[in-house]
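The values are calculated or read from the model by the stated rules, or taken from the named source; none is laboratory data. None of these values were measured; they are calculated from a predicted model. Here the Cβ is made from the backbone with ideal geometry for all residues, glycine too, and neighbour counts use every protein chain on show. SASA here: full protein model, heavy atoms, side chains in, ligands and nucleic acids out. Shrake-Rupley method; radii C 1.70, N 1.55, O 1.52, S 1.80 Å.
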Amino acid sequence: MKTRDGRGTSDTYCVAKYGHKWVRTRTLVDNLSPKYNEQYTWEVFDPATVLTVGVFDNSQLGEKGSNGNKDLKIGKVRIRISTLEAGRVYTHSYPLLVLHPTGVKKMGELHLAIRFTCISFVNMLYQYSRPLLPKMHYVRPFSVMQLDMLRHQAVNIVAARLGRAEPPLRKEVIEYMSDVDSHLWSMRKSKANFFRLMTVFSGLFAIGKWFGDICMWKNPITTVLVHVLFLMLACLPELILPTVFLYMFLIGVWNFRYRPRYPPHMNTKVSQAEAVHPDELDEEFDTFPTSKSPELVRMRYDRLRSVAGRIQTVIGDIATQGERFQALLSWRDPRATAIFITFCLIAAIVLFVTPFQVIAALAGFYAMRHPRFRYRLP
């Protein structure tokens, strides 16, 4: 982290935070492989919380350097309490990864021994049935602007309180541990969130593709079996929900063998930190308001306009489809509304006199009909 007497060295200390309790280890001077051997205990108030441990380089021991005597960040580890088994001791080395303007850099490793103990197993299970936030957060929820203001004020209050401790915790440490800049714009975070969203819906997309293959009779044996299963569910609709929940139960049992053996840590692939463009990193590390040249800001503004234009088009298309459906009953187009309400009247009469199982079976068989009976046009 620094050079002293012509050689590289570090003066490191750790900061751990859980809930309102912050702890700081002693500083080990001039040591690249420090051993702290310190033990701390926290009262766990909710399993859906996170323990954060950060490692920093103490810049207050020597002369004032180019960083203005700010303690430099080496990295941090975040462990979700809900991923820990009760009574088990976890001893693992976690990589200390920091995103620099040049990319992701591994600064070292932090070896931790963690144990989560539970006094009342019933009480812990009861915590899973309760809301994550206090009641007033749901009765009178905060707006996004209020959340940003409260986060800013909370960091200032905590920094002022811990700055009077002995030894003091500096404000840059509090900000790094609290992720104070997590709400700022970043092209990398936007891409990461988009791909996370696509991953969440990937199961639905896979089911849609599989059902499309069924409808096109890619595998006739599978298609016939699906027809039989569908006919059973259509004739006995009370089996639908038990079948769905039994299927999810079997998936959970099957995934038991692939469960993580140790608490998961930062994933550089999910955060898009491995394949990020250097200019996007430079934009992410820019100050707010910006300190770059007008030409560079103009280039980034044009890039942001192009990305936002594509998002605007997609949102507009979705809104158009919703408005079309709403306009079917608004007589905006009198002919279309007349056709639609006539169709609704006929459909209501047919559904009233026809058993639901017959309607469901006919609709399903029509959707899965052989390609010979299909047309290219919708």
Considering segment 279-290, residues that are free of Cβ contacts under 8 Å to residues at least 24 places away in the same chain and part of a loop (DSSP other than H, G, I, E, B), and then whichever is least open to solvent (accessible area, probe 1.4 Å), we arrive at Asp286
Q.
Just checking, does segment 146-155 include any residue being in contact with a Ser or Thr (Cβ under 7 Å, 6 or more places away or on another chain) and modelled with pLDDT of 90 or more?
A. yes
Next item on the list: Might you check whether a residue that is part of a helix (DSSP H, G or I) and surrounded by 10 or more Cβ atoms within 10 Å (Cβ to Cβ) occurs anywhere in segment 261-278?
Entry: yes
Log entry, pairs with first residue in segment 23-35 being more than 10 Å from Asp11 (Cα to Cα), second being of a type in the set (Phe, Trp, Tyr), beta carbons closer than 6 Å, six or more apart or on different chains, reads Val23/Tyr40; Thr25/Tyr13; Thr25/Tyr36
Pro134 meets each of (1) more than 21 Å from the chain's Cα centre (by Cα); (2) open to solvent by 90 Å² or more (accessible area, probe 1.4 Å) with one exception, condition (2)
Q) What do you reckon, is Leu246 part of a helix (DSSP H, G or I) and without any contact (Cβ under 8 Å) to a residue 40 or more places away in the chain? A) yes
Do we find that Asn156 is in a helix (DSSP H, G or I) and farther than 30 Å from Glu172 by Cβ in this structure?
no
Checked segment 341-367 for anything surrounded by 11 or more Cβ atoms within 10 Å (Cβ to Cβ) and at pLDDT 90 or above; matches are Ile341, Phe343, Cys344
Exactly one of Phe211, Phe256 is surrounded by fewer than 12 Cβ atoms within 10 Å (Cβ to Cβ), at pLDDT below 90, out of contact with any strand residue (DSSP E or B) (no Cβ under 7 Å at 6 or more places or on another chain) and hydrophobic (A, V, I, L, M, F, W, C), and that one is Phe256
Taking segment 309-327 and keeping residues closer than 24 Å to Ile341 by Cβ and either among the hydrophobic types (A, V, I, L, M, F, W, C) or not in a helix (DSSP H, G or I) (or both) leaves Ala319, Phe325, Ala327
If we keep only residues of segment 163-177 that are open to solvent by less than 80 Å² (accessible area, probe 1.4 Å), free of Cβ contacts under 8 Å to residues at least 60 places away in the same chain and assigned to a helix (DSSP H, G or I), then the residue nearest to Thr290 (Cα to Cα) is Glu175
Exactly one of Ser330, Ser306, Ser293 is over 30 Å from Leu184 (Cα atoms) and open to solvent by less than 80 Å² (accessible area, probe 1.4 Å), and that residue is Ser330
Flagged in segment 189-208 as open to solvent by 70 Å² or more (accessible area, probe 1.4 Å) and either charged (D, E, K, R) or not assigned by the TED database to the domain that holds Leu281 (or both), in numbering order, are Lys191, Arg196
Considering residues that are open to solvent by less than 100 Å² (accessible area, probe 1.4 Å) and either out of contact with any Asp or Glu (no Cβ under 9 Å at 6 or more places or on another chain) or touching a residue at least 60 places away in the same chain (Cβ under 8 Å) (or both), the number found within segment 309-327 is 9
